[in-house]
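As structure tokens, the structure follows; a few thoughts come after it.
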Amino acid sequence: MKTIRDLDIDNKKVIIRCDFNVPIKEGKITDDTRIVGALETIKYCIDHNAKIILLSHLGRVKEIEDLDKNNLAPVATRLSELLEKDVLFSEYTRGEELEETVNSMEPGDIILVQNTRYEDLEGKKESGNDEELGKYWASLGEVFINDAFGTIHRAHASNCGIAAHLPSGFGFLVEKELKALSVLDSPEHPFVVVLGGAKVEDKIGVIENLVKKADKILIGGGMAFTFLKAQGKEIGKSLLDENNIDFCVEMLENYRDKIELPVDFAVTHEFTNDEEYREATEIAPDEMGLDIGSKTLEKYENILKDAAIVIWNGPLGVYEFEKYKKNTDNLLKFVVDNNIKTILGGGDIVAAATQAGYKDKVYHASTGGGATLEYLEGKKLPGIEAIK
Ligand code: AMP
């Protein structure tokens, strides 16, 4: 894996593709985690007297009205506070003013360029990896560092486009993600996958890829009900992914000894936090399951206690409702308390772990939503391939 450490960046103009896609309300950043996450790579460049050019996307830009609300300027201000140092900001994604500023930078200077997706307004140049745009941005620097894991599954001008024209490597954030996720290449055994979330449809690729490598796949969440339906069980009004019942039948036939399903549930009548629920092994036709039950929790804990490595994607219940996050939280607590090497595979399970205070206690919490999922599907990710 080629990283920033392998490249000569001393006194060079270094372009870093960051992930500054932070929530901003009325011009104020409401969560700066991603900016804080980028500091290690930026500080390394400062220590090496590089001239630092930062690129990032923010939100989506489809029409003129999207420009203002996705202006990256507040990020430059916050970054400057965090680094206790001036950070220049270019209002424009290209042009003479930007080029002149970059060319007059001193070692250690930093400039943040306007939201790369401003280039999407006319002809999706950034998201479509426009050849000319990638080449233009590359012309601003001498070395390229990709430290934006969240977009590494996309071929955009600001990652793949630039990488095609400059000596390139990964920043520390991406390196950490890839190191953690690479345990999948030849996992230690027993290797257990915990898979929850809403629809089977969204996880087919993950199941197909990991079922071959894993010793056990523990299913939870809304997904479980399509598997139970495939076994001919009554699931009442629980979430059903009708189009994928056949897929579940096939998986259960081929991997009977690997796939584990819930044996009890938190059941209620409506999709709300306000009604009473009961724990049950059977679901009546007018009921729905919104969390796994305590017998399932115990069953899954028994399997997990011997695991050498665990990958977990998707919550086991409707964790947005106070009542139905219980057993997602309980199982998180179990892997943390028992020091079971667990990787949380992005998206909602990381949000659940953050809420419950376990995010920093697990072995690794992957920050990429779509990127992590595609990695778990075994796909080749363009941003990684571009650097390789
Ligand atoms: P995903 O993005 O596929 O990981 O799905 C996460 C979503 O699955 C969350 O919004 C949960 O509320 C939802 N979910 C988990 N368990 C259930 C369930 N039993 N019924 C309906 N939705 C569920």
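Couple of notes before you dig in:
- Some residue of region 301-317 being hydrophobic (A, V, I, L, M, F, W, C), within 10 Å of the ligand (Cβ to nearest atom), out of contact with any His (no Cβ under 8 Å at 6 or more places or on another chain) and part of a loop (DSSP other than H, G, I, E, B): yes
- Within region 1-20, being open to solvent by 50 Å² or more (accessible area, probe 1.4 Å) and assigned to a loop (DSSP other than H, G, I, E, B) holds for Met1, Lys2, Asp8, Asp10, Asn11, Lys12.
- The one condition from (1) at pLDDT 95 or above; (2) touching a Lys or Arg at 6+ places or on another chain (Cβ under 8 Å) that Ala138 does not meet is (2).
- The lone exception for Asp291 - which of (1) farther than 25 Å from Ala180 by Cα; (2) more than 14 Å from the ligand (Cβ to nearest atom) it fails: (2)
- Residues being among the basic types (Lys, Arg) and closer than 16 Å to Val22 by Cβ - total across region 52-94: 3
- Which listed residue is touching a Phe, Trp or Tyr at 6+ places or on another chain (Cβ under 9 Å) and more than 18 Å from Glu175 (Cβ to Cβ), from Ile24, Ile29, Ile35, Ile64: Ile35
- Residue match in region 325-340 (condition: over 24 Å from Asn21 (Cα atoms), within 11 Å of the ligand (Cβ to nearest atom) and not charged (D, E, K, R)): yes
- Condition met for Leu140 (over 30 Å from Val318 (Cβ atoms) and either assigned by TED's automatic domain parsing to the domain that holds Leu290 or away from the ligand (no atom under 16 Å from the Cβ) (or both)): yes
- When Ala214, Ala224, Ala198 are screened for being in the same structural domain as Ile292 (by TED's automatic domain parsing), within 16 Å of the ligand (Cβ to nearest atom) and either of a type in the set (Asp, Glu) or open to solvent by less than 10 Å² (accessible area, probe 1.4 Å) (or both), only Ala224 passes.
- Residues that are within 27 Å of Gly370 (Cβ to Cβ) and free of Cβ contacts under 8 Å to residues at least 12 places away in the same chain are absent from region 256-266 altogether.
- Qualifying positions in region 321-350 - surrounded by fewer than 22 Cβ atoms within 10 Å (Cβ to Cβ), assigned to a loop (DSSP other than H, G, I, E, B) and at pLDDT below 95: Gly347
- Screening the candidates Leu181, Leu210, Leu228 for the property of being among the hydrophobic types (A, V, I, L, M, F, W, C), in a helix (DSSP H, G or I) and farther than 19 Å from Ala307 by Cα yields one hit, Leu228.
- Flag if Asp306 is surrounded by fewer than 16 Cβ atoms within 10 Å (Cβ to Cβ), without any contact (Cβ under 8 Å) to a residue 40 or more places away in the chain, of a type in the set (Asp, Glu) and out of contact with any helix residue (DSSP H, G or I) (no Cβ under 6 Å at 6 or more places or on another chain): no
- Search result, residues across region 201-211 that are out of contact with any strand residue (DSSP E or B) (no Cβ under 9 Å at 6 or more places or on another chain) and away from the ligand (no atom under 11 Å from the Cβ): Ile204, Gly205, Glu208, Asn209
- The numbered conditions (1) part of a helix (DSSP H, G or I); (2) away from the ligand (no atom under 16 Å from the Cβ); (3) touching a residue at least 12 places away in the same chain (Cβ under 8 Å) are all true for Pro285 except (1).
The values are calculated or read from the model by the stated rules, or taken from the named source; none is laboratory data. Since the structure is predicted, the reported quantities are computational estimates derived from the model, not experimental observations. Because the Cβ atoms are built from the backbone with ideal geometry, glycine has one as well, and the counts that use them run over all protein chains shown. We work out accessible area using only protein heavy atoms, side chains counted, and drop any ligands, DNA or RNA first. Shrake-Rupley method; radii C 1.70, N 1.55, O 1.52, S 1.80 Å.
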